[in-house]
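None of the figures in this text is laboratory data; all of them are computed from the coordinates on show. A quick note: this is a predicted structure, and the numbers were derived from the prediction, not measured. Because the Cβ atoms are built from the backbone with ideal geometry, glycine has one as well, and the counts that use them run over all protein chains shown.
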Amino acid sequence: MSAPLQDLLTAGWLAFSLAVPLALAIDCLLGEPPAAWHPVVWMGRALNWWGVRLAPPAPVARDFKRFWLAALVWCALAAIVLIVSWGVQQLALRLPALLAGALLALLLKPLLAWRMLRGEVLAVEVALGQSLPEGRAQLARLVSRDVSALSGDEVRESAIESLAENLNDSVVAPLFWFALLGLPGAALYRFANTADAMWGYPGMRGGRYWQWAGKWAARADDVLSWVPARITALLLAVCAGGLPPRTLARQAHKTPSPNSGWPMAAMALALGVRLAKPGVYTLNSKGRTAGPLDTRRAARLGGQVVLSVVPWVAAIQLLIAMVVFWVRT
């Protein structure tokens, strides 16, 4: 390999390795950018515009035409996300390594959100301390389920579940795909996850029927989240001092989702508490009822996972850089 090419690859690896800790530092210090400048908000607006045109206002029978039309729109929007994110990444990599890393961090930050997630979950506990209706109202900001009939314990369980599930969706998964594919990977994942949150419902929601219009979005998110969800569960297990693998797998399979059960089951076992969605599943049924301190313990454990992601991502990036060196030698 020529010296200039080797220097270029080394500079690229340095920029990518700096981007993750810097992005997490920006998240910790500044939180979310204004909505007008937030790429995930832009994705949501585009998905909403198309969603009301794709999903019918009433249930329909098997509708493959609507399914494929929605899939085509999803792919077109995903292609735009990939092209734009690849373009800005290429511009950033033209800069010296330190500046490139800083710019990549600024671009990566909106695609992850630990500070906001932690704050929203802890706010549920604070609101629950005021009254049950306030706790339900705060929880409704986090989850899509009906919270009107939840008890105080169920509100707390839902908040802890949301923290565990979104620890994957909002931190681990975007960073996993960033490690593999750079900024386009993180941006594509956030698009897929946002599309699933807005379209991926098996029936009526928001006055629209999503059974067919949202099926592609739901499956795409399942595929992209499969590996990161299990990594999140592994990191939770490691940070908790170790969890029985067979027990974790058995509990994870109790949920309808192929992915969200893994971090939620790991959180339930790590805290030693019972987490349930009434009428759907119960995780760690022999665990104790979650108390106010468990919400803070969950947030603290999530913070440990976020910190532990940094060396994991750096190791993946280093491995990829070594493979590139070997291929191009």
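Overview of results
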item	result
Top positive-direction residue, dipole computed over segment 110-214 with Cβ charges, set 123, 183, 147	183
Inter-site label distance for residue 71 and residue 324 at 7 Å from Cα along Cβ, in nm	3.3 nm
Mean separation of Cα contacts under 8 Å (6+ apart) over length of the chain, as relative contact order %	22 percent
Computed label-point distance, nm, for sites residue 62 and residue 285 using a 7 Å Cα→Cβ extension	3.5 nm
Which of 176, 191, 64 has the fewest Cβ neighbours within 10 Å, and the rest in rising order	64, 176, 191
For residue 204, residues with placed amide H under 5 Å, excluding near neighbours	210
Ranked 80, 160, 320, criterion: other C-beta atoms within 10 Å, fewest first	80, 320, 160
Straight-distance crosslink candidates among aspartates and glutamates, where the alpha carbon sits under 15 Å from residue 277 and sequence neighbours closer than 8 are dropped	146, 153, 154, 157, 161, 165
Theoretical ellipticity at 222 nm over the chain - DSSP helices of four or more residues, -39500 (n - 2.57) apiece, nearest 500	-24000 deg cm²/dmol
Fewest-first sequence of 125, 154 by Cβ atoms within 10 Å of each Cβ	154, 125
Label assignment, semi-axes √(5λ) of the Cα gyration tensor in Å derived from the structure, set (1) 33, 26, 18; (2) 25, 22, 21; (3) 43, 21, 18	(1)
Max mean-square fluctuation residue, GNM over the chain, Cα-Cα springs under 10 Å, options 195, 78, 137	137
Cα-centre dipole for the chain with unit charges at Cβ (Lys and Arg positive, Asp and Glu negative), debye to 20	580 debye
Kyte-Doolittle mean at least 0.0, axial Cα span of 24 Å or more - DSSP H helices of the chain	3-30, 64-93, 114-130, 215-239, 292-328
Projected label distance in nm at residue 304 and residue 45, using a 7 Å step from Cα toward the beta-carbon	4.1 nm
